[in-house]
Amino acid sequence: MATSNTEEIEEVEGKEHEITNFDEFPPEVLIKHPLQHTWTLWYYEPDRNKSWEESQRKITSFDTAEDFWSLYNHIKAASELRQGCDYSMFKQGIRPMWEDDANKRGGRWLINLDKKQRATDLDHFWLETLLCMIGEAFNGYSDDVCGAVVNVRPKGDKIGVWTANASSEHSVIEIGRKLRERLKITSKVSIGYQIHKDIMLKVGNQTKNAYVI
C-alpha cells in the first residue's frame with residue numbers, strides 16, 4: 001500500500017529532528033580537533049605554457065584533523081598522479097620552493113623510491129609523513145619543519161621533508177630519525193639530507209648529502 005503524502009512529510013520531519021537536535025550528540029562528536037598550524041596543499045602539473053612557479057596551484061588550506069581527512073579522502077592518492085606531477089603540503093604562508101624566505105636557509109630529508117615501490121610503499125610513506133607533520137610528531141622539533149613534497153617521476157618517486165635551517169644539525173638529525181622510525185625504513189636503507197643551496201648549485205646529477213642516517 002502506498003504511503004500517503006502526509007506520512008512521508010512526517011517521516012522527513014522526524015529525520016530532520018534527529019539530525020538537528022544536537023543536544024543528543026556527545027560534545028566530542030561536534031567539536032573539531034584543531035591543529036597547531038594551518039597547512040596548505042599545493043599541486044604541481046607541468047605545463048609548457050607556464051613557468052614552474054606558475055604551474056604550482058594552491059588547492060586549499062586546513063587547520064583541523066577532520067578537515068585534513070576530508071581533504072585527503074577526496075583527492076587522488078600520490079600513486080595515482082600522472083608522472084611529472086607533485087603534491088606539496090606546507091605551513092600556511094610558505095611556498096613549496098627553495099627561494100621562499102622560510103626555506104632558503106634550509107634543506108630536505110630525501111627518500112628515494114624505485115618504480116616498484118609506487119604500488120607498495122608510496123602512499124603509505126606519504127600519508128605517514130603528513131601525519132607526522134600535522135601532528136607535530138618530530139620529537140619537539142616540529143617548528144623547524146616547513147613542509148613536504150612528493151614527486152612522481154618515471155625513473156622513481158621521491159618524498160622530501162623540508163626544514164628551515166640546514167645548519168641546525170641536532171634538529172635536522174632528530175627530524176630525520178623520527179621520519180625513519182615512523183616510516184619503518186630498514187637500517188639497510190640510508191636516507192640523506194640535502195641543503196637547498198647545494199641543490200641549486202649542483203654540478204651533474206648528484207647532490208652531496210650534508211647528513212646521512
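The values are calculated or read from the model by the stated rules, or taken from the named source; none is laboratory data. Quick caveat, the model's predicted, so the values are computed rather than measured. Virtual Cβ from ideal backbone geometry, glycine too; neighbours counted across all protein chains shown. The accessibility values were calculated without ligands, DNA or RNA, using every heavy atom of the protein model including side chains. Shrake-Rupley method; radii C 1.70, N 1.55, O 1.52, S 1.80 Å.
Among the residues of region 148-173, just one is under 19 Å from the mean Cα position of the chain (by Cα) and in a helix (DSSP H, G or I), namely 172. Starting from region 73-90, keep only residues that are under 11 Å from residue 45 (Cβ atoms), then list their pairs with residues that are surrounded by 14 or more Cβ atoms within 10 Å (Cβ to Cβ) and among the β-branched types (Val, Ile, Thr) whose Cβ atoms are within a distance under 6 Å, requiring at least 6 positions of separation or different chains. That search, which allows pairs on different chains as well, returns 81/152; 83/152; 85/152; 86/149; 87/150. Just a yes or no: is a residue in region 184-206 at positive phi, out of contact with any helix residue (DSSP H, G or I) (no Cβ under 8 Å at 6 or more places or on another chain) and open to solvent by 10 Å² or more (accessible area, probe 1.4 Å)? Yes, some residue in region 184-206 is at positive phi, out of contact with any helix residue (DSSP H, G or I) (no Cβ under 8 Å at 6 or more places or on another chain) and open to solvent by 10 Å² or more (accessible area, probe 1.4 Å). Of all the residues in region 145-174, those that are more than 20 Å from residue 199 (Cα to Cα) and open to solvent by less than 10 Å² (accessible area, probe 1.4 Å) number 1.
Apart from one condition, residue 47 fits all of (1) open to solvent by less than 70 Å² (accessible area, probe 1.4 Å); (2) closer than 16 Å to residue 126 by Cα; (3) acidic (Asp, Glu); the exception is (2).
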